[in-house]
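One structure is given below, encoded as structure tokens.
The values are calculated or read from the model by the stated rules, or taken from the named source; none is laboratory data. Just so you know, these numbers come straight off a predicted model, no measurement behind them. Here the Cβ positions follow ideal geometry from the backbone for every residue, glycine too, while neighbour counts run over all protein chains shown. What goes into the accessible areas is simple: the full protein's heavy atoms, side chains included, and nothing from ligands, DNA or RNA. Shrake-Rupley method; radii C 1.70, N 1.55, O 1.52, S 1.80 Å.
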Amino acid sequence: MSIKSFTLGAAAGAAAVWFLDPHSGARRRSVAADKAGKYAREAQEEATRKAEYAAGVAKGAVKEATSGNGDTGEQLNDPALAHKVESEIFRAADAPKGDVVVNVESGVVYLRGEVDDARLAERLEEEAGKVDGVRGVESLLHPAGEPAPTKE
């Protein structure tokens with residue numbers, strides 16, 4: 001008989017006596033079962049947490065890969081985009097703030113109103129087109145004294 005098998009048999013006998021004791025064995029078995037359940041629940045929660053983290057990382061990678069050229073610019077709604085365009089094109093001191101109205105429909109900017117000359121109208125149209133989020137610019141601006149163009 002080897003020392004290993006003797007030690008293994010002694011440990012199994014001691015565990016059997018410990019758990020099958022007529023006075024305290026039932027309590028010891030219950031405590032052992034409760035602790036085993038606790039460790040199993042903790043392991044399950046940890047596995048769930050890691051799986052949810054991995055799913056979030058994968059979802060983020062998919063979103064980044066499908067966003068096109070990596071441009072993660074903000075997508076503004078039409079009123080917010082109109083305010084952004086107004087703040088950009090009316091920044092200059094000589095800008096006709098009270099004479100030009102800015103509307104946005106589905107990302108397309110419509111400039112309406114009277115300006116001093118055609119060069120100013122072209123400049124405002126060009127500046128509006130440079131704003132992030134603008135899909136197009138429709139200029140309905142006209143010099144003073146000329147009739148206003150109509151929306152096509």
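The figures follow:
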| read-out | value |
| --- | --- |
| Pick from the range 93-106, criterion open to solvent by less than 60 Å² (accessible area, probe 1.4 Å) and within 17 Å of residue 117 (Cβ to Cβ), ranking: modelled with the lowest pLDDT | 95 |
| Qualifying residue in the range 71-92 (condition: exposed (fewer than 10 other Cβ atoms within 10 Å of the Cβ) and touching a residue at least 60 places away in the same chain (Cβ under 8 Å)) | yes |
| Residue satisfying all of: in the range 107-125; exposed (fewer than 14 other Cβ atoms within 10 Å of the Cβ) and of a type in the set (Asp, Glu); modelled with the highest pLDDT among these | 122 |
| Test: residue in the range 16-31 that is out of contact with any helix residue (DSSP H, G or I) (no Cβ under 8 Å at 6 or more places or on another chain), aromatic (Phe, Trp, Tyr), surrounded by 10 or more Cβ atoms within 10 Å (Cβ to Cβ) and farther than 23 Å from residue 138 by Cβ | no |
| Looking only at the range 126-152, and only at residues there that are more than 20 Å from residue 88 (Cβ to Cβ) and either modelled with pLDDT of 85 or more or surrounded by 12 or more Cβ atoms within 10 Å (Cβ to Cβ) (or both), the one that is farthest from the chain's Cα centre (by Cα) | 143 |
